[in-house]
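Accompanying notes for the structure given below.
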Amino acid sequence: MEDAIRQKAEELGFSACAFTDCSDLMSEQFRLERWLSAGRQAGMDYMSRHRDIRYHQVSEYALGRDYHAVMREKLHLLAQYVQTLGEGVKTRCCVDTAPVLEKALARRAGLGWIGRNTLLVTEKGSRFFIGEIFTSLPLHPDAPVEERCGGCNACVEACPAHALSAEGLDARRCLSYQTIERKELPLPEEVKTALGHRIYGCDVCQQVCPYNRNAEETKVDDFLRTPEWFAWGDAQWRQLTQEQFDAQFHDSAMQRIGYERLMENIRAASGKDNDTDEG
Ligand code: B12
Ligand code: SF4
Ligand code: SF4
């Protein structure tokens, strides 16, 4: 049954599929509690409530169609298949859902290990999203794999905001948090300095990871596109109108932050000496 589900997942374009049970998640929960008590979730209150691309740089995942929608559609198709494997089988799909510790579950299912960049890392890198199907169908859990960062510390050293340490990630520093999740504006000067040309998300701790050199191209068309804005220069970003924003980003994860927030990021990333890098 497990192999049949894995095969169906592969047909749907998932790069991997594995199984785990939900018992004994207390140790993972403890890590989360410790992270929250240290205030490292920054202003993402939802965490605690639920216990240039030439000139500007935009995180690569924003190129594709919003991964929440793509993953949800594919998970529902896979869940429909799982329901056919037994009488009255129940399923529930999740992707990027706040109270679910997705990396912890994926690690337990043996999909990869938690790297020093705090992401789920596999032999084929970390450039993927994680989604789950919780089901009443009894399945055999897979075994976790060993941590394979070894002596590497590249992500910790390369992080432009010094957000990574032996303690994990401090979201208060992370540029992904600052450009996507942070609510209080304007951005502080030290954040603007660390931003460089970034206006949405940050990929540095993945770009430097040696395992991402083994990454395979996705088979999902929704993630393979090159939108018009990919070629925009500085001037086009700065003059972006609400109408252009709606037309260009309506189905990208970037629409989630809204026009005003993106313009604030563009101003923050432009308000420095690197202004001269006109694209
Ligand atoms: C909040 C959040 C953020 C925050 C905080 C990030 C963080 N590391 O916690 C911010 C906004 C900064 C962020 C940024 C990004 N995020 Co984010 N984020 C989340 C979210 C919603 C929750 C993460 C969470 O629970 N954090 C709290 C801390 C305590 O937990 P944790 O680091 O996950 O650690 C747990 C386990 O990993 C485990 N654990 C940790 N270390 C160890 C060590 C050992 C030995 C063991 C046994 C266990 C263990 O214990 C912890 C508690 O359970 C998840 C989706 C989800 N529901 O899980 C996506 C998620 C983690 N993000 C994702 C992505 C893609 C990103 C970005 C790459 C986006 C970008 N390009 O800008 C960056 C990367 C930044 C980074 N280095 O983490 C993906 C990661 C995919 C992957 N390969 O791992 C996820 C899973 C979303 C998804 N569904 O695909 N994110
Ligand atoms: S996403 Fe960027 S700022 Fe955040 S931890 Fe990774 S390298 Fe550092
Ligand atoms: S860059 Fe090195 S330390 Fe960081 S996650 Fe990748 S292998 Fe691990």
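The values are calculated or read from the model by the stated rules, or taken from the named source; none is laboratory data. Just so you know, these numbers come straight off a predicted model, no measurement behind them. Every residue, glycine as well, gets a Cβ built from its backbone with ideal geometry; the counts of neighbours run over all protein chains shown. Just so you know, the surface numbers come from the protein's heavy atoms only, side chains and all, with ligands and any DNA or RNA stripped out. Shrake-Rupley method; radii C 1.70, N 1.55, O 1.52, S 1.80 Å.
Observations on the structure shown:
- Accessible-area rank, largest first, for Ser165, Ser136: Ser136, Ser165, with all protein chains present and a 1.4 angstrom probe.
- Extending 7 Å from the Cα toward the beta-carbon at both Tyr46 and Ala16 defines two label points whose distance is 2.6 nm.
- Area of Asp251 that stays accessible when all protein chains are in place (1.4 Å probe, Å², to 10): 40
- The helix-based estimate of mean residue ellipticity at 222 nm for the chain, built from -39,500 (n - 2.57) per DSSP H run of four or more residues and divided by its residue count, is -9000 deg cm²/dmol to the nearest 500.
- Shape call, the range 52-154: gyration tensor on alpha carbons, a/c limit 1.5: oblate
- Extending 7 Å from Cα along the Cβ direction at Lys183 and again at Ala143 yields two label points whose distance is 4.6 nm.
- The range 138-244, relative contact order [Cα under 8 Å, separation at least 6], %: 23
- Estimated FRET transfer efficiency when R0 is 35 angstrom, pair Arg256-Glu87 (beta carbons, to 0.05): 0.35
- Placing Met1, Met47, Met254 in order of accessible area, with the largest value first and a 1.4 Å probe, yields Met1, Met47, Met254.
- Per residue solvent-accessible surface (Å²) - the range 154-276, probe of 1.4 Å: 52
- Take Cys94: with every protein chain present and a 1.4 Å probe, its accessible area is about 10 Å².
- Sulfur and carbon atoms: percent of accessible area, the chain [1.4 Å]: 49
- FRET efficiency for the Ser37 to Asp3 pair, using the beta carbon distance and R₀ = 41 Å, is estimated at 0.45.
- Inter-probe distance in nm under a simple model that places probes 7 Å from Cα toward Cβ, at Phe134 and Arg72: 1.7
- Measuring with a 1.4 angstrom probe and ignoring ligands and nucleic acids, Lys103 comes out at about 80 Å² accessible.
- Student exercise, the range 154-276 dipole from Lys, Arg, Asp, Glu Cβ charges, in Debye to nearest 20: 200
- As a calculated quantity, the FRET efficiency between Asn153 and Gln239 at R0 = 51 Å, using C-beta atoms, amounts to about 0.80.
- The range 63-112: GluC sites (Glu not before Pro) in DSSP coil with no more than 12 other Cβ atoms inside 10 Å: Glu87
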